[in-house]
Amino acid sequence: MSELVGKLVAEKYRIESLIGEGDAGDLFAARNEITDTAVTLKILPQALAMDMRWAKRFIDESRAAATVNHENILNLTDFGSDIKGICYAVFE
């Protein structure tokens, strides 16, 4: 997934570096180019994103996580699938 470094996701999140890799998604340090704020981006691996079941599960989990509001949990501020088919979730 390091090939994503420097790329733009959802036409607004510029990936700066890989933070960690996981089975259900990789974490990246990124910057929102519209607001110029640092964010953490979780991206579903492309091999899994091509399977609609995995993509739906990722989006459903992101939707559920976006409803959680607690001082010890990162807020999920945006999620979806961009025009390139990249499934992403954005954390503060």
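The values are calculated or read from the model by the stated rules, or taken from the named source; none is laboratory data. Every value quoted in this text rests on a predicted model; they were computed, and no experiment measured them. Note that each Cβ is placed from the backbone with ideal geometry, even for glycine, and that neighbours are counted across all protein chains shown. Quick note on the areas: whole protein, heavy atoms, side chains included, nothing else; ligands and nucleic acids left out. Shrake-Rupley method; radii C 1.70, N 1.55, O 1.52, S 1.80 Å.
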Show the residue pairs that are 6+ apart or on different chains and have beta-carbon atoms under 6 Å apart, the first residue being within region 65-92 and more than 16 Å from ALA55 (Cβ to Cβ) and modelled with pLDDT of 90 or more, the second being open to solvent by 60 Å² or more (accessible area, probe 1.4 Å) and β-branched (Val, Ile, Thr).
VAL90/THR77
Filter result for GLU92 (open to solvent by 80 Å² or more (accessible area, probe 1.4 Å) and over 12 Å from the mean Cα position of the chain (by Cα))
no
Out of the residues in region 25-53 that are open to solvent by 50 Å² or more (accessible area, probe 1.4 Å) and touching a residue at least 24 places away in the same chain (Cβ under 8 Å), state the one that is nearest to ALA89 (Cα to Cα).
LYS42
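Got a number for residues in region 7-20 being open to solvent by 40 Å² or more (accessible area, probe 1.4 Å) and either aliphatic (A, V, I, L, M) or farther than 16 Å from PHE91 by Cβ (or both)?
Filtering region 7-20 down to residues open to solvent by 40 Å² or more (accessible area, probe 1.4 Å) leaves 7-8, 11-12, 14, 16-19.
When the remaining residues are screened for being either aliphatic (A, V, I, L, M) or farther than 16 Å from PHE91 by Cβ (or both), the result is 7-8, 11, 18-19.
Of the residues in region 7-20, 5 are open to solvent by 40 Å² or more (accessible area, probe 1.4 Å) and either aliphatic (A, V, I, L, M) or farther than 16 Å from PHE91 by Cβ (or both).
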